[in-house]
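Down below is the structure, laid out as structure tokens.
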Amino acid sequence: MLDLIILSLHIFICFLIFLVIWHGPKDVGLCSSSTATSEKEPDGLILIGKEDDIKKSGRATGKVDGREVVVFYHNGKFHALDSRCYHEGGPLPLGEIEDIDGQACIVCPWHKFKITLETGEGLYEGINPLEPSPTPVWQSKGVKQRVHQVTVVNGKVYVSPPDLSISFDSDYFADKYKNSGDAAMKK
């Protein structure tokens, strides 16, 4: 009889744990950023959040036409990029910003790929093997990450919808994780 009571209690506790996980927060792992609720404005701009909030946290995410975009505030400027790294879809909102060769870059937390905030270029450190003493130099792989235009009006930060007539490597992962929320932010 005691075994039946313990088994019933175990099943009940497992059910409660399931409910907590199922109804739990959807932005787990984004403690260093704020997740914005995006609204479309009449002029086509998408509201990401309040200027002061984004300045305070340094970053915010929002949905722009179903794709997740991250807005960074760094050195007095706002920058917006697709939130998934062009390489393998790593969560850029969880990355660190570094100054590389005079350019502010987000470093993907999964594989340490470096992407300029201003242009979306992928950077790598390469050498010329024909030089007698090759010295590593930062070089561009070209624009790999889609950047979005940011507009600040009356203390609110907006992002323009993307021009999808031009494609970028990051589009693959933006589409793959489209409308999936933050559940896939962990590898």
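Table: residues versus (1) assigned to a strand (DSSP E or B); (2) open to solvent by 20 Å² or more (accessible area, probe 1.4 Å); (3) at pLDDT 95 or above.
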| residue | (1), (2), (3) |
| --- | --- |
| F78 | yes, yes, yes |
| G89 | no, no, yes |
| I97 | yes, yes, yes |
| I106 | yes, no, yes |
| I115 | yes, no, yes |
| E118 | no, yes, yes |
| G122 | yes, no, yes |
| T135 | no, yes, no |
| K141 | yes, yes, yes |
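Restricting to region 153-187, and then to whatever is in contact with a strand residue (DSSP E or B) (Cβ under 7 Å, 6 or more places away or on another chain), more than 25 Å from G142 (Cβ to Cβ) and at pLDDT 90 or above, can you tell me which residue is least open to solvent (accessible area, probe 1.4 Å)?
If we take residues in region 153-187 being in contact with a strand residue (DSSP E or B) (Cβ under 7 Å, 6 or more places away or on another chain), more than 25 Å from G142 (Cβ to Cβ) and at pLDDT 90 or above, then V157 is least open to solvent (accessible area, probe 1.4 Å).
Restricting the search to region 17-63, which residues are at pLDDT below 90, part of a strand (DSSP E or B) and either out of contact with any strand residue (DSSP E or B) (no Cβ under 9 Å at 6 or more places or on another chain) or closer than 20 Å to Y177 by Cα (or both)?
S34, T35, E39
The values are calculated or read from the model by the stated rules, or taken from the named source; none is laboratory data. These numbers come from a predicted model, not from an experiment. So basically every Cβ, Gly included, is an ideal-geometry build from the backbone, and we count neighbours across all protein chains shown. Surface areas here come from the heavy atoms of the whole protein model, side chains and all, with no ligands, DNA or RNA. Shrake-Rupley method; radii C 1.70, N 1.55, O 1.52, S 1.80 Å.
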